[in-house]
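Here is the structure we will look at, set down as structure tokens.
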Amino acid sequence: MNHQKEAVRIMQDYIKEHIHEDISIDTIAAAASYSASYARKIFIKYLGMTPAVYIRRLKLSKSALKLRDEHCQVLDVAMEMGFGSADGYQRAFRREFGCNPKEYSNSPVPIWLFTPYRLNNKEREANNMNETRNIFIQVIEKPARKVIIKRGIKATDYWTYCEEVGCDVWGLLKSIKSISGEPVCLWLPKHLRRPITNEYVQGVEVDPCYSGVVPEGFEIIELPASSYLLFRGEPFEEDYYGEAIKEIWNAEKRYDPAFIGYEWDEMNPRIQLEPIGERGYIELVPVKKLQ
């Protein structure tokens with residue numbers, strides 16, 4: 001069974017690395033050393049869609065971000081992403097996101113981007129996370145900002161949030177241009193919670209003057225300018241994000257900010273960034289100057 005999962009992961013990695021090329025089932029099957037028919041079968045088994053649908057949705061989502069950020073010509077984006085024509089690309093874009101790519105480019109609105117789940121294979125040999133690894137810590141300043149958030153009721157971490165609210169929220173948040181470059185997860189202090197909601201939310205930081213669309217079911221909170229200790233671990237293998245997170249949590253528990261003239265700030269949220277293996281796991285813990 002683990003050989004099938006590993007093959008699907010290889011196909012996912014191949015698609016990610018060659019997304020701007022013309023990708024066929026034959027090329028991804030060859031990357032995984034399986035026949036095209038068997039590769040397609042196990043891809044559907046573990047990811048719930050055909051490779052063709054997966055590739056199309058990923059291409060469309062990447063093209064949407066390009067239209068949002070670079071104001072490119074629709075034809076140029078269509079050709080770059082491997083669509084045969086601008087008309088075909090526009091039809092596919094509208095089916096996926098419910099709007100025309102030209103209109104979206106001129107006035108971006110929140111859309112549900114496809115954020116593929118990378119298959120996890122815990123049956124692989126254990127990674128050596130017990131070796132001595134560095135934790136990098138630095139003080140950063142966050143400006144005053146608004147955050148568009150989606151609340152849960154009982155969620156206290158990423159997994160309970162996904163079970164309650166759904167993992168696809170992240171795709172919508174990624175479509176909203178952030179002042180910090182990416183969505184965030186937040187553990188809200190008590191004064192920012194509602195009576196029937198819990199501490200953990202996902203959101204996107206935007207300019208304090210933001211007046212754009214707020215998706216249905218989302219809301220805006222305001223956060224003041226504040227100081228944070230940024231904790232970043234070393235790069236890790238994607239399968240072992242759990243261990244990488246625990247590594248940072250243990251470091252936070254042991255660290256005394258008084259050493260650098262700060263104390264923990266319970267009035268601002270703790271921030272979690274998406275665990276990305278190549279950059280290391282990152283959390284931001286609020287602090288304030290010692291009086």
Notebook entry, point to check: Looking at the chain from every direction and averaging, what is the projected area of its Cα convex hull in nm²?
Noted result: 17.1
Next item on the list: Scan around M49 for amide H atoms under 5 Å from its own, H built in the peptide plane at 1.01 Å from N, and keep only partners 5 or more places away or cross-chain.
Entry: none
Next item on the list: Sum up the charges of everything whose Cβ sits under 10 Å from the Cβ of P183, counting Lys and Arg as +1 and Asp and Glu as -1, but leave P183 out.
Entry: -2
Next item on the list: Would you list which lysines come within 27 Å of K289, measuring only between C-alpha atoms, while excluding same-chain residues fewer than 8 positions from it?
Entry: K142, K146, K190, K246, K253
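At 222 nm, what value in deg cm²/dmol follows for the chain if DSSP H runs of at least 4 each add -39500 (n - 2.57) and the sum is divided by all its residues, to the nearest 500? Don't skip to the answer; put the middle values down first.
Numbers: 10 runs with 108 residues, N = 291.
Theoretical 222 nm ellipticity from helices: -11000 deg cm²/dmol.
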Note to self: What percent of all Cα-Cα pairs in segment 2-106 falls into each 5 Å bin, going from 0 up to the bin containing the maximum distance?
What the structure shows: 2, 13, 23, 20, 14, 12, 9, 5, 1, 0
Item checked: Cys with no candidate disulfide partner in the chain (beta-carbon separation under 4.7 Å rule) -> C72, C99, C185, C209
Item checked: For segment 132-192: Kirkwood Rh in Å [reciprocal of mean 1/r, alpha carbons] -> 14.0
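Taking 0.36 nm per residue of sequence separation and subtracting the Cα-Cα distance, how much length would be gained by fully extending the chain between K154 and H71, in nm to one decimal?
Taking K154 through H71 to full extension adds about 25.9 nm, to one decimal.
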Item checked: Potential extension, R91-F259 segment - 0.36 nm per residue separation minus Cα distance -> 54.6 nm
Next item on the list: Sort 112-119, 56-63 for me by packing, meaning the mean count of neighbouring Cβ atoms within 10 Å per residue, highest on top.
Entry: 56-63, 112-119
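Computed from the coordinates by the stated procedures, all read-outs in this text should not be read as laboratory data. Only a predicted model underlies this, so the values are computations on that prediction, with no experimental measurement involved. All Cβ positions, even for glycine, are placed from backbone atoms using ideal geometry, and neighbour counts span all protein chains on display.
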